[in-house]
Amino acid sequence: FYALDMFPYPSGAGLHVGHPEGYTATDIVSRYHRAKGYNVLHPMGWDAFGLPAEQHAIKTGQHPRENTATNVANFKRQIKELGFSYDWTREVNTTDPGYFKWSQWIFLQLYNSWFNPETNKAESIDTLTYPDDLTTEDQKREYRDNHRLAFVSHAPVNWCPALGTVLANEEVIDGKSEWGHEVIRKPMRQWMLRITAYAQRLLDDLQLVDWPESLKKMQSDWIGRSEGAEVDFQVDGLDKKLRVFTTRPDTLFGATYMVLAPEHPLVDPITTDEQRDAVKAYQDAAAKKSDLDRTDLAKEKTGVFSGGHAINPVNGAKIPIWIADYVLISYGTGAIMAVPGHDTRDLEFAQEFDLPVIEVVEAPGDEENIGFTGNGVSINSDFLNGLPTPEAKQKIAAWLEEKGLGEKTINYKIRDWLFSRQRYWGEPFPIVWKDGHHEALPESELPVLPPDLDDYKPTETGEPPLARAADWVNRPDGTTRETNTMPQWAGSCWYYLRYIDATNDASFCGAEAEKYWTGQTDNSGPDAKPGVDLYVGGTEHAVLHLLYSRFWHKFLFDLGQVSTPEPFHRLVNQGLILGEVEYTLFKDAEGDPVSATELKDIAEEATETGLKMAGIHKQSGEKLFGEKITEEDAVQDGNHSVFAQDKAIRLDARSFKMSKSRGNVVNPDDVLAQFGADAFRLYEMFMGPLEMVKPWTTKNVAGVYKFLGKVWRLFIDDASDTEFEQNLTTDAGNGESHLAAVKLAAGIQDVEPTKEQNKALHTCIKKVTEDLDHMRFNTAISAMMIFVGEAQSWNAKPASVLRQFLQLLQPFAPHLAEELAAKLDALSGKAFKTLTYDAWPAVDESFLTEDSITLPVQINGKVRDRIEVAADASDEDIEAAALASEKVKSQIEGKTVRKIIIPKRRLVNIVAN
RNA sequence: GCCGGUGUGGUGAAAUUGGCAGACACACGGGACUUAAAAUCCCGCGACCGUAAAAAGUCAUGCCGGUUCGAGCCCGGCCACCGGCACCA
């Protein structure tokens, strides 16, 4: 059983409370599976290349390796303190040469492969066949280089001047970098990975995995498959064809103009002399716009007429060709046929520039035809008239193909992956340049180590920092090294495979080990699945790491290097932990706190009375006068009792994402110091379902801490406990030996459990086991709380029952559970057997059956009474018992009983009127 | 704008297949123990109505409607919040 966590970037700030949430979940699942007899792979490592370490290096001049090592040590300390059962012999660090040697090796495989569309698989570049008209070696080389899965591109890329590096599309958010710096488009020589070749497989294979639907959706949206047709329009007066992509070929009769992206190669030839200056100016302006500007101006359509015209192939109509930046060069063919009648953007543009609009689809119902973009029936479209949209699409596509005017095509939004960065702290490429051509270094030269530098700053020219190391760049054989480095994702793309065989220096991951842990083998457990069995992490990687990893994995699968098509079988997203709930105290204009009822009145009258207010009342939408207060203040404000008891104020109790600027970050070290690791683990699991977003409440940590105290007192003799605490206070350093002196409670004996005791235990075993199978940790904990509450009242406590309970507790609170188990075993005179490798208790259903059961009796769906019947009572017996109830009798008096329903003997419902 | 998720007491939340709404906790109130406090243990705790106290009753899972003997859960229509995508033709 392979239980995997998303490995952290070891930042200088240390662990935040979000990290241990997922880690605790996988640790519990790992411990549970060990107890069930599985061999469990549960590793941890460090995604340690990255920008913060590099910026620290720029500031201090210290090598990023040093700062990274410090941060890793701190993370490791914090993680170890939490008692996670990681196999540290498999620890990986993406910045170790022994690790990134294999990142570079995988890159070499990509470089030396191409994607064969016939087989739909990656193959060695040696199997590539060349078109007959390529005769010279140079031509063949160019053809070959253009087919590699790792290739060089000169296309415009996302350049971030502030960071001094380029970024992948997935890393640009709203036209800005993750850190909020502006990103502009700029043509540069870059390494790309051909992820687009895998678009369809990445989409299809989402069916193979057990992932949250929302996350699959995000990936499929990102891949962005759309079916449509490409259509050729003849350019009027020129021997050129203008090819467009459309998902609505059925609206071809409604195309009243065309639009080219400003970067489109046909812009120049079709522009007339009168329009040339205007077009040139528009192109220049568009080139200067950053992506942010382009999205900011999304509401206002801009464009310029080229002067040229095209011929609509279906009706010979001469339509004008415009240039506008709402058409993107990077999607489809970089040109569109505009159908303003049935496309929102085209309509806006047509209205802005007074272009004709034709209706060609009849909208269903009483909807307006113009502006209707859904499926309807074709009109004003000659041979398509009367056809519903899907059929019209089929017919026009067949017509276009027959006439050689176009064909059905599929387009994807996903772009090739920009894989180079102008940074120091990343894997150097195993590539050298010679006479303007790139060449792969042989495997024997791996790992390629980065040179030491005095200055890690990015250069203004966009040259990577590695270019400063002239000795390193210029090799004795006359070749020069590639000076870009790989992005942080390179290391995280395949780390889960390295854990499997972490110390192998002959292979990135041995085939045997890979099959054992992720493939199906004879000794796979009953619920083993191909790939990592369980992967837990946040949603922030939905389209970055998780897409890149799947791509690399599929590539390695094609090469026969891994045995499964998908890397992660089951994926669970932990929900974000927010900061403590914040309350707002509302005051009136005089500064007096207002009560909830007053609050409502004030909200209603706000505009008329002209009160000065701040904040928004959620329901009324009215503005309110407010100031931030703590929950304690709220409760103490008894006179106005606004906060503790009233709904209205709850609307204004909110929690926010933890952030330094808001000052609501919870440091795990502080929580551990106060409550210990077990309480911390337990709290993170008790706060709610793993997948849900939930606020942190330190008071509730005290709650589970109290529960652990109850468990302790259940086992431990009072007098020795008091002594233990006193000794700890006066002589804390000897905790271990004081602990050894603590005695078990006298009530704990090697005796046979009573029926009630067995029932309590097995109810708990059943609930905890079922909940763990479904990762419902919060309710498993409440089941254990119920057991402990009951066990507290027992005079004689059977050691066997308590030991089984400890086995249930162990995955959640291993420190306490193991300590108490050791004491129990000593009582029984047995050698201590660690809970970690002891068997999970089995449920004995016979203890759960009852002699009699209590059923609620409803009259017309409302519970009126409860009856007790024998466990094996028939429906007739139950019915009779229900009708015999005094309360039932008085309720149905004067009414006719229409029907009595006894579903699965869980309740009785009497229908009477 | 489109897509997804969520909405239940003062708070975090339970309710596993349509079958007793609020498990388990936090907070709060009361009590026991204590010189006192902390800790611990016990009791109460959705709202309304009612009562000396109870009992009984009514309402209640964002809002409006539907299906059903029965709806937090299913269906239709809305609202709010959170997240994702967003000129992708």
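The values are calculated or read from the model by the stated rules, or taken from the named source; none is laboratory data. Computed from a prediction, not measured in an experiment: that's the story for all the values here. All Cβ positions, even for glycine, are placed from backbone atoms using ideal geometry, and neighbour counts span all protein chains on display. Accessible surface areas use protein heavy atoms only, side chains included; no ligands, DNA or RNA. Shrake-Rupley method; radii C 1.70, N 1.55, O 1.52, S 1.80 Å.
Some observations on this one:
- The loop-placed chymotrypsin sites (Phe, Trp or Tyr not before Pro) in region A:648-753, going by DSSP, that have at most 14 neighbouring Cβ atoms within 10 Å of their Cβ come out as A:Phe656.
- Environment charge at A:Ala317 (Cβ cut-off 13 Å; Lys +1, Arg +1, Asp -1, Glu -1): -1
- Straight-line cross-link partners of A:Lys36 among the lysines, defined as a Cα under 21 Å from its Cα and at least 8 positions apart when in the same chain: A:Lys529, A:Lys766, A:Lys767, A:Lys833.
- Taking A:Ser890, A:Ser874 and ordering them by how much accessible surface each has at a 1.4 Å probe, largest first, produces A:Ser890, A:Ser874.
- Using a probe of 1.4 Å, the accessible surface attributed to A:Ser655 totals some 30 Å² when neighbouring protein chains are kept in position.
- For the pair region A:225-251 and region A:440-513, the centres of their Cα atoms are 44 angstrom apart.
- Split the accessible area of chain A by element, probe 1.4 Å, and carbon with sulfur accounts for 49%.
- Counted over all Cα-Cα pairs of region A:89-157, pairs farther apart than 21 Å make up 44 percent.
- Within-12-Å neighbourhood charge of A:Glu401 [Cβ basis; K, R +1; D, E -1]: -1
- Table column - 3J(HN,Hα) (Hz), region A:85-96, Karplus curve with 6.51, -1.76, 1.60, x for Gly and Pro: 8, 6, 8, 6, 5, 9, 3, 10, 9, 4, 9, 6
- Surface accessible to a 1.4 Å probe, A:Trp179 within the full protein complex, Å²: 120
- Ignoring lysines fewer than eight residues from A:Lys393 along the same chain, the ones with Cα atoms less than 17 angstrom from its Cα are A:Lys403, A:Lys408.
- Helix A:814-827 and the longest principal axis of the C-alpha atoms of chain A enclose an angle of approximately 30°.
- 222 nm mean residue ellipticity, helices alone, for chain A (DSSP H n ≥ 4; -39,500 (n - 2.57); rounded to 500): -11000 deg cm²/dmol
- Angle between chain A longest axis and helix A:545-558 axis [Cα atoms, degrees, rounded to 10]: 70
- Listed by chain and number, the lysines whose C-alpha is less than 17 Å from the C-alpha of A:Lys217, apart from same-chain residues fewer than 8 away, are A:Lys413.
- Using all pairs of distinct alpha-carbon atoms, the Kirkwood hydrodynamic radius of chain A works out to 33.6 angstrom.
- Test item: Cα-centred dipole of chain A, Lys/Arg +1 and Asp/Glu -1 on Cβ, debye: 1020
- For region A:720-754 versus region A:852-913, the gap between their alpha-carbon centres in whole angstrom: 53
- Sorting A:740-752, A:17-29 by average packing, meaning the other beta carbons within 10 Å per residue, from highest down gives A:17-29, A:740-752.
- Amide H contacts for A:Gln749 (H built 1.01 Å from N in the peptide plane; partners 5 or more residues away or on another chain; cut-off under 5 Å): A:Lys797, A:Ala799.
- Tensor-based shape of region A:124-206 (alpha-carbon gyration tensor, a/c under 1.5 rounded, otherwise prolate or oblate): oblate
- Volume of the convex hull of region A:317-379 (Cα atoms only), normalised per residue: 105 Å³.
- Averaging Cα coordinates gives a centre for region A:12-68 and one for region A:767-839; these two points are 29 Å apart.
- Coil-residue chymotrypsin sites (Phe, Trp or Tyr not before Pro) of region A:183-234, DSSP, other Cβ within 10 Å capped at 11: none
- For A:Tyr282, solvent-accessible area (1.4 Å; no DNA, RNA or ligand), Å²: 30
- The residues A:Lys241, A:Lys694, sorted by heavy-atom accessible surface at 1.4 Å with ligands and nucleic acids left out, run A:Lys241, A:Lys694 from largest to smallest.
- Per-residue Karplus couplings for region A:781-789, computed as 6.51 cos²θ - 1.76 cosθ + 1.60 with θ equal to phi - 60°, are listed in order as 5, 5, 4, 5, 5, 5, 4, 5, x Hz, Gly and Pro entered as x.
- Cut-off under 5 Å, modelled amide H: who pairs with A:Asp865 long-range: A:Val857
- Protein-only accessible surface order, largest first, of A:Arg141, A:Arg77 at 1.4 Å: A:Arg77, A:Arg141
- For region A:220-259, the Cβ-based charge dipole about the Cα centre amounts to some 60 debye (Lys, Arg positive; Asp, Glu negative; other atoms uncharged).
- Out-of-range pairs (alpha-carbon distance over 30 Å; input A:Lys59/A:Lys554; A:Lys706/A:Lys823; A:Lys140/A:Lys241; A:Lys240/A:Lys395; A:Lys699/A:Lys759): A:Lys59/A:Lys554; A:Lys699/A:Lys759
- Karplus 3J(HN,Hα) series, Hz, for region A:658-675 with 6.51 cos²θ - 1.76 cosθ + 1.60 (x for Gly, Pro): 5, 7, 4, 5, 7, x, 10, 7, 9, 8, x, 4, 5, 5, 4, 4, 7, 10
- Ordering A:Gln207, A:Thr730, A:Gly688 by the projection of their Cα atoms onto the charge dipole of chain A, which places +1 on the Cβ of Lys and Arg and -1 on the Cβ of Asp and Glu, puts A:Thr730 at the extreme positive end.
- Cα shape, region A:163-282, gyration tensor, a/c 1.5 rule: oblate
- Dipole magnitude of region A:368-415 about its Cα centre (Cβ charges: Lys, Arg +1; Asp, Glu -1), debye to nearest 20: 300
- Positive end of the dipole of chain A (Cβ unit charges, origin at the Cα centre): among A:Ile311, A:Asn913, A:Thr89, the Cα lying farthest that way belongs to A:Asn913.
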